[in-house]
Amino acid sequence: MLPPSLKPTRVYSTALGHQLAGDSRVLLQQLEPNSVDLIVTSPPFALLREKSYGNMDQAAYVSWLTGFGGVAHRVLKDSGSFVIDLGGAYQRGRPIRSLYQWRVLLAFCDTLGYRLAEEFYWHNPAKLPSPIEWVNKRKIRVKDSVNTVWWLAKSDWPKADVTRILTPYSERMKKLLDDPEKFYRPKDRPSGHDIGKKFANDNGGAIPPNLLSFPNTDSNSSYIRMCKALGRESHPARFPSELPAHFVKFLTDPGDLVLDLFSGSNTTGRVAEDLSRRWISIDERRDYASLSALRFLPEDTDRARHLIEQMEAGAHFELEAIRDSTGSRSSSATKESRRSPRALPLFGAE
Ligand SMILES: C[S@@+](CC[C@H](N)C(=O)[O-])C[C@H]1O[C@@H](n2cnc3c(N)ncnc32)[C@H](O)[C@@H]1O
């Protein structure tokens, strides 16, 4: 799956995937064309925030991100999708919004040839109010708790199957399914339409909307617990695993290849592994990439510290995902590295 030229960039590998360190614009050029089923990613919005938020900086950000979209287009299969999560921003010093997410969308579609399969909105009910000036102090804007998530595709017909992301029926719908005749009698409806019969098929769940609601409040995953135990800062801009999981289930089959271009703490790789998809995750910061191994390591602080320090210093480790006896996933280092945690040379064979 991984071209030999990319092997030196590996930080760790698991049964199904590889975490790479490097600039994804450069590394992607070495991946096989038409090989990736799904890209799901969240770029650094901080780039935009650190700058002045003016139109020039937004234009620079859009063209920077479009550079990734171009190389990603080559590696996507014709049936592939590119899902990109973009948080909103205000213009500097002004209570008006940046339009950069829409400029990104237009650039990807008009310049790079992506199709907008559907726009999604991720609502984070736990989002704190900001910016303080407009929301808290002057009280002239409401809390911004929704990110745009563009589902882009390389063709008009990306692989997709809604039946894999059905949500539980509402109580009202369950009653309708139990007794359609009683629930909707034609005479009850002014139109006279007997919608009861039409809607009374039990499809195993309800079709979800394009508004996704997941709180971003993970404070007790093994990744967070282990970061604390190691005295390390967890990645500051993680998305909740439900977000990539939604699209991995919806847009890929087991065995398909999922890619994250801005992988951070490798939420996407962990989700892909749990859902039996192959994955490649890339982050330009080797420290973030190394620390993300905590998502796959057992909660053994000394051992994890040792492995991560070696990864940060340039080593590559094979980690093997295993299932514990309860059926939930846990992971351990391979037998080889369990016997003697050993750094594989960065430029060694394999
Ligand atoms: C918003 S974070 C992604 C967080 C991730 N979704 C998670 O759940 O942990 C964006 C990441 O992009 C990385 N990044 C920025 N420029 C990059 C580049 N050129 N190539 C690869 N990664 C890059 C940053 O180091 C940062 O970790």
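Coordinate-derived values only; no laboratory data. Everything quoted here is computed from the prediction, not taken from an experiment. Here the Cβ positions follow ideal geometry from the backbone for every residue, glycine too, while neighbour counts run over all protein chains shown.
Sort 124-135, 289-300, 255-266 by packing, meaning the average of other beta carbons within 10 Å per residue, with the highest value first.
Values: 124-135: 14.0, 289-300: 22.5, 255-266: 24.1.
Averaged packing, sorted descending, gives the order 255-266, 289-300, 124-135.
In whole Å, what is the distance between the alpha-carbon centres of the range 1-26 and the range 245-283?
The distance from the Cα centre of the range 1-26 to that of the range 245-283 comes to 14 Å.
Quick check on packing: order 271-284, 139-152 by the mean number of other C-beta atoms within 10 Å, highest mean leading. Walk me through the numbers before you get to the answer.
Numbers: 271-284: 23.5, 139-152: 17.2.
Top to bottom by mean Cβ count within 10 Å: 271-284, 139-152.
Kindly put THR301, THR267 in sequence by how many other C-beta atoms sit within 10 Å of each C-beta, fewest to most. Before the final figure, lay out the partial values.
Values: THR301 14, THR267 27.
Listed from fewest to most nearby Cβ atoms, that is THR301, THR267.
Could you list ASP37, ASP156 so that the one with the fewest beta carbons within 10 Å of its beta carbon is first and the one with the most is last?
Ordered from fewest to most neighbouring Cβ atoms within 10 Å, ASP37, ASP156 come out as ASP156, ASP37.
Among the listed pairs LYS7/LYS154; LYS7/LYS77; LYS154/LYS249, which have their C-alpha atoms separated by more than 25 angstrom in this model?
Values: LYS7/LYS154 27 Å; LYS7/LYS77 22 Å; LYS154/LYS249 18 Å.
The pairs that break the limit, which is 25 Å between Cα atoms, are LYS7/LYS154.
Determine ³J(HN,Hα), in whole Hz, for all residues of the range 167-176 in sequence, where each value follows from phi through the Karplus function 6.51 cos²θ - 1.76 cosθ + 1.60 and θ = phi - 60°; x replaces Gly and Pro.
Coupling constants for the range 167-176: 10, x, 5, 5, 4, 5, 5, 4, 5, 4 Hz.
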